[in-house]
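Written below as structure tokens is the structure these notes are about.
Derivation of every value follows stated rules applied to the coordinates shown; laboratory data play no part. Keep in mind that what you see is a predicted model, and the values were worked out from it rather than measured. Counting neighbours? That spans all protein chains shown, and the Cβs are built from the backbone with ideal geometry, glycine included.
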Amino acid sequence: MALNLKPISGTSNRVIVEPAAAEEKTASGIYIPDTAKEKPSKGTVVSVSEEDSEGKKPTVKVGDVVIYGKYGGTELPYEGKDYLIMRETDIYAVLA
């Protein structure tokens, strides 16, 4: 799923991530109330800039599942969904 929204190229590659849904219940089956849910730090890349101002290509690609900082990125509501826009350097890992 690619968005018709290209991130802005700047000093670092920009990436738009769709955050994973917060956990609804614990492994033992206890439901977590909305006030106690943690902000997800995992998501799926939906758009990347083609290159940065230095001509470097991104290392992540659309569809990659990534881990990022708990408070990383800037929230970006678009067409009724919430996304995060962040620098590629804010991504800690790509899950296989």
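Residue separation times 0.36 nm, minus the C-alpha to C-alpha distance between residue 54 and residue 96: what's the value?
12.3 nm
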Using mean Cβ contacts within 10 Å as the protection proxy, how do 68-80, 84-96, 40-52 order, highest first?
40-52, 84-96, 68-80
